[in-house]
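Everything on this sheet refers to the single structure shown next.
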Amino acid sequence: MDPLDYLGVARALAEGVHGEAELRTAVNRAYVGALLVLREALVAKGWLPARRSPRDPQEMVTMLRSRPGYRLVGDMLDELRLLRIHADYEHGRPLGLAEARRALALAEQVARRVPGSR
């Protein structure tokens, strides 16, 4: 499966029915798509080991922020991570269309900014 397909799902959900469940799912899929595309690129560059770990997202943020020219990508991934936490775990806090669109925009930027990503 192509991880970019998750961005298509996120886009369809964010642009379609705007129930909160769809918006929360759009945020999640945008994050997962960006994370997987970025992870593949970082493994290909030799910046991240091929083994997977639950700590990968935070390790990726830390590593990107420490590399010249990649700090912004690390910041965008971290913002996406926080949006995903809000979407998936903070159900008492409303999540709207603006957050879903922000997550999609961030995911698309992350996917474009790392050499070797698609």
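It is to be established whether one or more residues within the stretch 39-60 are without any contact (Cβ under 8 Å) to a residue 40 or more places away in the chain, closer than 26 Å to Gly16 by Cα and not acidic (Asp, Glu). Taking every residue of the stretch 39-60 in turn, none turns out to be without any contact (Cβ under 8 Å) to a residue 40 or more places away in the chain, closer than 26 Å to Gly16 by Cα and not acidic (Asp, Glu).
Selection over the stretch 22-60 of residues that are in a helix (DSSP H, G or I) and either closer than 30 Å to Pro94 by Cβ or in contact with a Leu (Cβ under 7 Å, 6 or more places away or on another chain) (or both) gives a count of 23.
Restricted to the stretch 65-92, and to residues there that are hydroxyl-bearing (Ser, Thr, Tyr) and assigned to a helix (DSSP H, G or I), the residue that is farthest from Leu23 (Cα to Cα) is Ser66. Pairs are defined by a Cβ separation below 7 Å, a sequence spacing of at least 6 or placement on different chains, a first member in the stretch 92-112 that is without any contact (Cβ under 8 Å) to a residue 60 or more places away in the chain, and a second member that is buried (at least 20 other Cβ atoms within 10 Å of the Cβ) and part of a helix (DSSP H, G or I); the pairs so defined are Arg102/Leu83; Gln109/Met76.
Values in this text are rule-based calculations from the coordinates and carry no lab data. Owing to the predicted nature of the structure, the values given are computational and were not obtained by experimental measurement. Note that we place each Cβ from the backbone using ideal geometry, even for glycine, and neighbour counts take in every protein chain shown.
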